[in-house]
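Working notes, beginning with the structure itself.
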Amino acid sequence: MLNILKYGSFILLLAVAATSCSTQKKSTAAAPPVNHHKKPASGSPRFIENISIKAPGGSPDYSATPPLSERHTQGPAVHTGSSVELSDPLQFKYSILLNTPVEELTDGKMIGFIEEWYGTRYKYGGSDKNGVDCSAFAQTFIYAMYGLMLPRTSSQQYQGSKRLKKDDLEEGDLVFFKTRGRKAGVSHVGVYLRNNKFVHASTYGGVMINDLDDTYYSSHYAGAGRVR
């Protein structure tokens, strides 16, 4: 009987030892490594980082262009590059107003002058940026651009300039109108720019650019003149 008890105790000790070993192995085993490059599940979104994307056909990467302050000239001077993206904002603005390719507008002095006066209100007898009439604006324009002094009134400017045909108009020539009836004589003047466009001090819009073929101006056109 004693032998049976000893044998049973021995069996019990072996069972306890076996159970403890199994438990220890489970608790001390190293955790499996974390896979940081785990492939996303099917249908999950994927994000691509640090990829430089270029347009097909070798188009420039505009994300690499210099800041605006470095690409554009300041003040009235105009950048004369052939690329629209590198053009001065004023150059682009007036290419639209004059219906002219950007690269052809290289006269920064003239563009700057017009921009300074653009929108100045009309004032009969006025001659500054508080208000200006058509003949005073033409007088100021011609003097600033060419150093020539015109007479004060539009009728005097008409009489003092050489007659031109419309087809012969060039930048800086004067265009005249009879706004008070055909028999009343010349009463309005503007300065020709290009592409049938002229700049003037309008009674309803101030200093602005219009087209000689606009209905109103074509019906009141009186002729053109070049300063002698």
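Before moving on, here are some points about what is shown:
- Projecting the Cα atoms of Leu193, Asn210, Tyr122 onto the dipole axis of region 118-227, where Lys and Arg carry +1 and Asp and Glu carry -1 at the beta carbon, places Tyr122 farthest toward the positive end.
- Among 182-194, 101-113, the order from most to least packed when residues are scored by Cβ within 10 Å on average: 182-194, 101-113
- For Val189, the shell of other residues with beta-carbons less than 12 Å away shows a net charge of 0, using +1 for Lys and Arg and -1 for Asp and Glu.
- Across region 173-183, rounded Karplus estimates of 3J(HN,Hα) from the backbone phi angles (6.51 cos²θ - 1.76 cosθ + 1.60, θ = phi - 60°) give 6, 9, 10, 10, 9, 10, 8, 10, x, 5, 8 Hz, Gly and Pro being marked x.
- Net charge contributed by nearby residues that have their C-beta within less than 13 Å of Thr106 (K/R +1, D/E -1): -3
- Whole-Hz couplings from phi, Karplus 6.51/-1.76/1.60, listed for region 215-228; x for Gly and Pro: 3, 5, 6, 5, 7, 10, 5, 10, x, 10, x, 10, 5, 6
- Under the Karplus curve 6.51 cos²θ - 1.76 cosθ + 1.60, θ = phi - 60°, whole-Hz ³J(HN,Hα) for region 197-213, x wherever Gly or Pro sits: 9, 9, 10, 6, 9, 7, 5, 9, x, x, 5, 7, 10, 10, 10, 4, 8
- Cα gyration tensor, region 96-183 - rounded (a/c under 1.5), prolate or oblate: oblate
- Sites Val227 and Asn195 - FRET efficiency at Förster radius 22 Å, r taken between beta-carbons, to 0.05: 0.60
- Residue order, fewest to most surrounding Cβ atoms within 10 angstrom, among His200, His220: His220, His200
- Each other residue within a Cβ distance under 13 Å of Glu171 adds +1 if Lys or Arg and -1 if Asp or Glu, for a net charge of -1.
- Residues of region 167-190 with an amide N closer than 14 Å to a point placed 7 Å from the Cα of Ser127 along the Cα-to-Cβ direction: none.
Coordinate-derived values only; no laboratory data. None of these values were measured; they are calculated from a predicted model. Note: ideal-geometry Cβ built from the backbone for every residue, glycine included; neighbour counts use all protein chains shown.
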